[in-house]
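The values are calculated or read from the model by the stated rules, or taken from the named source; none is laboratory data. Note that the structure is a prediction, hence the values are computed from the model and not measured. Cβ sites come from the backbone with ideal geometry, for glycine too, and all protein chains shown count toward neighbours.
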Amino acid sequence: MNAFSRRGACPALSAPMQTGDGRLVRLNPVAGGVSPKSLLGLGESALRHGNGIMEVTARGSLQIRGLTPASARLLAVEVDAMGIAVRTGVPVETGPLAGLDPEEIADPRPLAERIRAAIEDAGLAQRLGPKVSVIVDGGGRLTMDAVSADVRLAAMRIDAGVQWLVAVAGDRQNATPLVMVEEDVARDIAVAILRMVAEKGREAHARDLSERQLTSLASWHSFAPAKDRLPLTAAPAPSPIGLFPLGGDATALGIGLPFG
């Protein structure tokens, strides 16, 4: 059984996962979304090469089902021909309105991109398991509070500036807070956490780090532990369904898809 046939694996476009109804692939577009034309094209490809079912996952990826080994390769060729660039490696995720919400504390996309580059430079993608993930949450009306991750970076207003709360293993409410730091240090600590996880093997997650390791991360730059400075209790999450003014004439529409 390989890494992409076991339960809970992340089936990338280049490594489809065998399921009860054929092979499954999951697409995470680099641009953070796809145009209506591309979405139609993907639907047609899913019908041509799979069983026609295309799902949206809880984390916003597109999932295409019912593929065969041969048709999965054809799907990959068509996705490439449509110009849809998809992410590979460790997922570093931002919110659905990242960089668009005028109420955001900070645009999380630059920090997320710097973390992706640091992960690549360190060669960690090949050493970490397929379910290890990072969240960079800029705040605003639609946060990532309810989404679990191995590493969480959340923007916080501190006095007149912005710092990033670094926490591990969980969602906003149950993750273990480490430190509150500037952006550069947040990136360094995030990569240090992933290095520690990688050293434990491809089955490991941040929840497997020892108390000693977490203490060393929290005291790395001699900052006061975040748990002594800020409670992690999350405010009630707003509904993602409805209209969200984005400034100017732009508006986002949140819709609810039926399960399945």
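Just one of the numbered conditions (1) under 25 Å from PRO96 (Cβ atoms); (2) modelled with pLDDT under 90 is not true of SER14: (1). Here is a list: VAL166, VAL162. Which entry is assigned by TED's automatic domain parsing to the domain that holds GLY139, assigned to a strand (DSSP E or B) and surrounded by fewer than 17 Cβ atoms within 10 Å (Cβ to Cβ)? Being assigned by TED's automatic domain parsing to the domain that holds GLY139, assigned to a strand (DSSP E or B) and surrounded by fewer than 17 Cβ atoms within 10 Å (Cβ to Cβ) holds for just one of VAL166, VAL162, which is VAL162.
Of the residues ALA186, ALA154, the single one that is at pLDDT 90 or above, part of a strand (DSSP E or B) and touching a strand residue (DSSP E or B) at 6+ places or on another chain (Cβ under 8 Å) is ALA154. Taken as a whole, the condition of being within 22 Å of the chain's Cα centre (by Cα), in contact (Cβ under 8 Å) with a residue 12 or more places away in the chain, under 19 Å from VAL136 (Cβ atoms) and not in a loop (DSSP other than H, G, I, E, B) applies to ILE115.
Is it true that VAL151 is free of Cβ contacts under 8 Å to residues at least 60 places away in the same chain and of a type outside the set (Lys, Arg)? Judged against the criteria, VAL151 is a match.
Taken over the stretch 135-175, residues that are in contact with a helix residue (DSSP H, G or I) (Cβ under 6 Å, 6 or more places away or on another chain) and under 16 Å from ALA112 (Cβ atoms) amount to 7.
PRO236 - would you say it is modelled with pLDDT under 70 and over 29 Å from ASP188 (Cβ atoms)? In short, yes. Comparison of LEU209, LEU230, LEU214, LEU178 shows that the only residue that is at pLDDT 85 or above and in contact with a Pro (Cβ under 8 Å, 6 or more places away or on another chain) is LEU178.
Comparison of ARG195, ARG157, ARG212 shows that the only residue that is under 21 Å from ALA125 (Cα atoms) and assigned by TED's automatic domain parsing to the domain that holds PRO110 is ARG195. Anything in the stretch 189-215 that is of a type in the set (Gly, Ala, Ser) and not in a helix (DSSP H, G or I)? List them, or say none. Correct list: GLY201, ALA204, SER210.
Inside the stretch 104-147, residues that are at pLDDT 90 or above and surrounded by fewer than 20 Cβ atoms within 10 Å (Cβ to Cβ) make up a count of 15.
In the stretch 86-109, which residue that is in a loop (DSSP other than H, G, I, E, B) and among the hydrophobic types (A, V, I, L, M, F, W, C) is nearest to VAL134 (Cα to Cα)? Only one residue tops the list, namely VAL90. Return yes when ALA98 is buried (at least 20 other Cβ atoms within 10 Å of the Cβ), modelled with pLDDT under 90, within 17 Å of LEU153 (Cβ to Cβ) and assigned by TED's automatic domain parsing to the domain that holds VAL162 and no when it is not. Criteria met by ALA98.
For the stretch 80-95, taking the residues that are touching a helix residue (DSSP H, G or I) at 6+ places or on another chain (Cβ under 7 Å) and surrounded by fewer than 19 Cβ atoms within 10 Å (Cβ to Cβ), the one that is modelled with the highest pLDDT is identified as MET82. Each residue in the stretch 33-51 was checked for being surrounded by 12 or more Cβ atoms within 10 Å (Cβ to Cβ) and within 22 Å of the chain's Cα centre (by Cα), and 5 of them qualify.
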